[in-house]
1. Given axes a ≥ b ≥ c from the Cα gyration tensor, I'd like to know whether the range 154-247 is rounded (a/c under 1.5), prolate (a/b larger than b/c) or oblate.
2. Filter Lys467/Lys583; Lys182/Lys610; Lys32/Lys166; Lys514/Lys583; Lys314/Lys464 down to the pairs with a C-alpha to C-alpha distance above 27 Å, please.
3. Give the long-range amide H neighbours of Phe633: residues separated by 5 or more places, or on another chain, with amide H under 5 Å away, using H modelled in the peptide plane at 1.01 Å from N.
4. Could you go through the range 330-341 in sequence order and give the Karplus-derived ³J(HN,Hα) for each residue, using 6.51 cos²θ - 1.76 cosθ + 1.60 with θ = phi - 60°, rounded to whole Hz, and x for Gly and Pro?
5. Taking the Cα centroid of the range 406-451 and of the range 37-96, what is the distance between the two, rounded to the nearest whole Å?
6. Report the relative contact order of the range 390-491, percent, no decimals, based on alpha-carbon pairs under 8 angstrom and at least 6 residues apart.
7. Just want the ordering: Met153, Met651, from fewest to most Cβ atoms lying within 10 Å of their own Cβ.
8. Rounded to whole Hz and in sequence order, give me ³J(HN,Hα) for the range 57-65 from the Karplus expression 6.51 cos²θ - 1.76 cosθ + 1.60, θ = phi - 60°, writing x for Gly and Pro.
Amino acid sequence: MINIEEFINNLETILKKELNESEIKLLEKAIKIAEFAHEGFYRKSGEPFITHPLEVSKILASLNLDLETIITGILHDVVEDSEGKVTLEDIEKNFGKEIALIVDGVTKVSKINAPVGNIEQKKKSETIQKMLFAMAEDVRVIFVKLADRLHNMRTIHFVKDPKKRKYKALETLEVYAPIAHKLGIHIIKWELEDLSFKVLYPKEYYKIKELVAEKKKEREERTNEYVNQLRLALKEHNISAKVEGRYKHYYSIWKKMKEKKKKFEEIYDLIGIRAIVNDVNSCYSAIGVVHQIWVPLPGRFKDYIAAPKSNGYKSIHTTVITQYGEPLEIQIRDVQMHNEAEYGLIAHWIYKEKNVNLKQKWLIQLLDWRKELLQGSTNLSELKNELQLDEVFVLTPKGEIIHMPIGSTVIDFAYAIHTEIGHHFSGAKVNGKIVPIDYKLKNGDVVEILVNKASKGPSLSWIKHAKSPRTKAKIRRFFREKEKEKLIESGKDVIRKLAKRLNLSIEKFFELEKIQNFLKSHNLTIEELYSRIGEGSITFTDLLSIIEKKQEKQEKKSRKKSSNLKNVVVIDGITNLDVHIAKCCMPVPGDEIVGVSSRRGITVHRINCKNIRNIDEDRIFQARWAKNDENGFTTMLEIEFDKNDRLPEIMNLLISNKINVTSFKLTESKNWNTVFANITIVVKSLSEIHNIKKELEKKAGILRVKRK
């Protein structure tokens, strides 16, 4: 049993304030519900599970967050881990809608682990979508999730499986620490990095720790000397300031050694000095004092007060040469800037500046990221890179400061302003001069984008000149839309041919009663029909069978095949729809597959089929093979061979391997002395295709074997 009174006393000590009676009652209720939900569950340490959410709530209290967030910390696992004993409705009934929404957000983020390593693209996108969506709905969700991850990392040594430990540490380093950085919550970011570093690279961690400890006393004495020197100088100039030393974290040291290819002895900024003054004017007065007592290092002055970082960070940085001839970085900021630098977005919550979207533009970017992820145009690794990139500050001709990742080009800038400006980009001026499309932006550049409204859109080659994953995604999305237009045009061609065969105009074709009934029964517009034909889910033969009154027979055959396929292919979350094999890519057991919903059921495609690129995510379902169909599956091979009579050899090889050939078509190359054979065969599995390809490729005169 938890001693609730003792826990609340500890919480009050952390918060440095007394809670009122109603607040205490809410906390007591939350603890009792959490105890009930987690009863009988234990952590890897052997402690009752309830100790974890209570520790999470203490971390949130140490960040000085509101009571709703602290209570969410206590309740954050109850819906997911109580096996139905406590529901979201129970949370809302007892604590209100606000806490229920935050708990729900944390539950959504926690349901699957953020993937790292070689995980398929769809899973990566699904995970980061949930994280970004939850953060955009209520940023307190991520405060709780970061506190949850921090406590799990503090206790990760109790996890015995080294693979699980490394996975969690890598996930923390690649996803959670960069998000904490982007939020500006450095106090959590630094600890997450060091804890992950210790798990992933234990030898390097303990080596750095040992090296730091060797001259710790000497560094502390030197730091104290610098602190006292600056404190005295500021006092003489009537500047009230708190001056303190700061020490570089182990992971930061190791990362710098690795990136700069330097030895430990060559890392000069192991220590630094920070002066916290009362107001902005005092910041600039203080920097003048610093440059009077020490010599500033050229090119190392950064004014983040005039041009804050995109996460809101403000401070003045300068590097000086001390009396001992060593470089020393000094940061100067006021009290509010310091709180924001340590606690980031949490500081705005403390100051009750809860209209976060106005204060933090990056939250709007999160929604953009989510939109792109939903359309499959950005993956987790790109997002990780985006989160961890440093920035340059450039200006519009009107003087607005725009934050761009280092390495960004003018095409990135154009798309950052507006997608349509990017699409109609025709050139750029930087500081009044025309620059090429691959010009890399520098701090202080004034950038003017030239636009051609008559332009038909971007060039695919622009992608290689873009740095930002979001720029690349927008260009790719433009071409996917163009591809959709091509599908519609392709569908129109099929209808034209069919109408011509029937001696009808296209208008008269669509007036046919059978076509009208088909469109109505499948709830399709004419444009949607064109698109379905273009993507291959409705074929020329399908349409012909409708016209020639073979529809009933065809549907019976299809239903029979579909009922068989229901046992062969399992579609996640779908049990009552007919299942068809796509004629465009002809998947076979062993292929990675997805199901695409249509009016006639589920069509199974290969995962890399080009015809599903433009299909809405909502229509795509995960699928897997359950067993083989004894009748086999149709697929097509394209075989290129020299002009000698190779076809009998090819057919004999297929027959000797008991491969059923249903059709073939020969095409002679005009430019090369070769012949192409498109051969349709029936196989049981992907391995059978691979074996046949190997056998064919061994034959003399066969130049290439490719699956269509």
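The numbers here are math on the coordinates, done by the rules we state, and not lab data. Since the structure is predicted, the reported quantities are computational estimates derived from the model, not experimental observations. Positions of Cβ are backbone-derived with ideal geometry, glycine not excepted, and every protein chain shown enters the neighbour counts.
1. Working: a/c = 4.49, a/b = 1.93, b/c = 2.33.
Oblate, since a/c reaches 1.5 and b/c is not below a/b.
2. Values: Lys467/Lys583 38 Å; Lys182/Lys610 36 Å; Lys32/Lys166 34 Å; Lys514/Lys583 23 Å; Lys314/Lys464 34 Å.
Violating the 27 Å limit, Cα to Cα: Lys467/Lys583; Lys182/Lys610; Lys32/Lys166; Lys314/Lys464.
3. Those lying under 5 Å, H to H, from Phe633 are Val683, Lys684.
4. Using θ = phi - 60°, the values come out as 10, 10, 10, 7, 8, 4, 5, 4, 5, 4, 5, 5 Hz.
5. The two parts, judged by their Cα centres, are 49 Å apart.
6. Values: 164 pairs, mean separation 28.9, N = 102.
Value for the range 390-491: 28 percent.
7. Values: Met153 24, Met651 15.
Ordered from fewest to most neighbouring Cβ atoms within 10 Å, Met153, Met651 come out as Met651, Met153.
8. These are the phi-based 3J(HN,Hα) values: 5, 5, 4, 5, 5, 5, 8, 6, 7 Hz.
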